[in-house]
């Protein structure tokens with residue numbers, strides 16, 4: 001009986017090792033296994049650049065002064081929330097190089113006091129037949145249909161720099177926040 005238990009235990013350990021070696025590399029900061037987040041030095045730098053570029057936009061009035069305008073209701077799903085989108089039309093440039101310092105959209109959500117606070121930067125490009133856009137080495141999600149009437153087929157990529165997203169820094173919805 002003891003031999004059977006050792007054989008089962010050895011099989012389980014081997015199976016776990018094989019399974020774990022097949023998973024993508026994990027981030028050091030507890031990112032979700034389906035979204036490994038910034039696992040390379042380059043992508044950690046890109047996320048730091050996005051975070052630095054959006055620091056002044058923690059105040060929604062600063063974003064509005066910089067050309068960001070509200071673009072609809074708070075987006076939410078059973079997977080969590082994205083927030084209220086603010087878009088800077090001057091920064092929506094399909095096919096142009098993606099600049100980590102110039103996200104075309106920002107998302108905001110309510111703080112505990114009820115004021116809007118920055119949740120994420122969103123990189124957005126309408127699909128005009130261009131190759132999949134990239135932020136550093138990270139491809140955008142898409143192409144996908146618009147999420148509301150009038151929104152074009154597009155690519156996008158969220159970077160959660162204002163609110164921690166336990167599902168991953170690049171995951172569209174955040175299960176830890178709500179509208």
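Are there any pairs with C-beta distances below 8 angstrom linking a residue in the range 121-132 that is over 25 Å from residue 174 (Cβ atoms) to a residue that is at pLDDT below 95, with the two at least 6 apart or on different chains, and if so which?
Filtered contacts from the range 121-132: 128/94; 128/95; 130/94; 130/95.
Give me the pairs, please: first residue somewhere in the range 40-57 and at negative phi and at pLDDT 95 or above, second residue anywhere and exposed (fewer than 14 other Cβ atoms within 10 Å of the Cβ) and not in a helix (DSSP H, G or I), beta-carbon distance under 8 Å, and either six or more positions apart or on two chains.
Note: pairs meeting the criteria are 49/101; 50/101; 52/101; 53/101.
Just wondering, is there one or more residues in the range 22-36 that are more than 24 Å from the chain's Cα centre (by Cα), part of a helix (DSSP H, G or I), modelled with pLDDT under 90 and at negative phi?
Looking through the range 22-36, none of the residues is more than 24 Å from the chain's Cα centre (by Cα), part of a helix (DSSP H, G or I), modelled with pLDDT under 90 and at negative phi.
If I ask for residues that are in a strand (DSSP E or B) and under 15 Å from residue 84 (Cα atoms), which ones from the range 130-179 would you list?
The answer is 158, 159, 174.
Table: residues versus (1) closer than 18 Å to residue 53 by Cβ; (2) buried (at least 20 other Cβ atoms within 10 Å of the Cβ); (3) touching a helix residue (DSSP H, G or I) at 6+ places or on another chain (Cβ under 8 Å).
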| position | (1), (2), (3) |
| --- | --- |
| 125 | yes, yes, no |
| 139 | no, no, no |
| 150 | no, no, no |
| 155 | no, yes, no |
| 158 | yes, yes, no |
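Could you please tell me which pairs satisfy a Cβ distance under 7 Å, a separation of 6+ or placement on different chains, a first residue in the range 154-165 that is free of Cβ contacts under 8 Å to residues at least 12 places away in the same chain and at positive phi, and a second residue that is in a strand (DSSP E or B) and surrounded by fewer than 24 Cβ atoms within 10 Å (Cβ to Cβ)?
Every condition considered, no pair remains.
Mind listing whichever residues of the range 106-120 are in contact with a helix residue (DSSP H, G or I) (Cβ under 9 Å, 6 or more places away or on another chain) and in contact (Cβ under 8 Å) with a residue 60 or more places away in the chain?
Within the range 106-120, just 118 meets the criteria.
Looking only at the range 99-116, which residues are modelled with pLDDT of 95 or more and surrounded by fewer than 20 Cβ atoms within 10 Å (Cβ to Cβ)?
Of everything in the range 99-116, those that are modelled with pLDDT of 95 or more and surrounded by fewer than 20 Cβ atoms within 10 Å (Cβ to Cβ) turn out to be 99, 101, 102.
The values are calculated or read from the model by the stated rules, or taken from the named source; none is laboratory data. In this text the structure is predicted, and so the values were computed from the model without any measurement. Cβ atoms come from the backbone with ideal geometry, glycine included; neighbour counts cover every protein chain shown.
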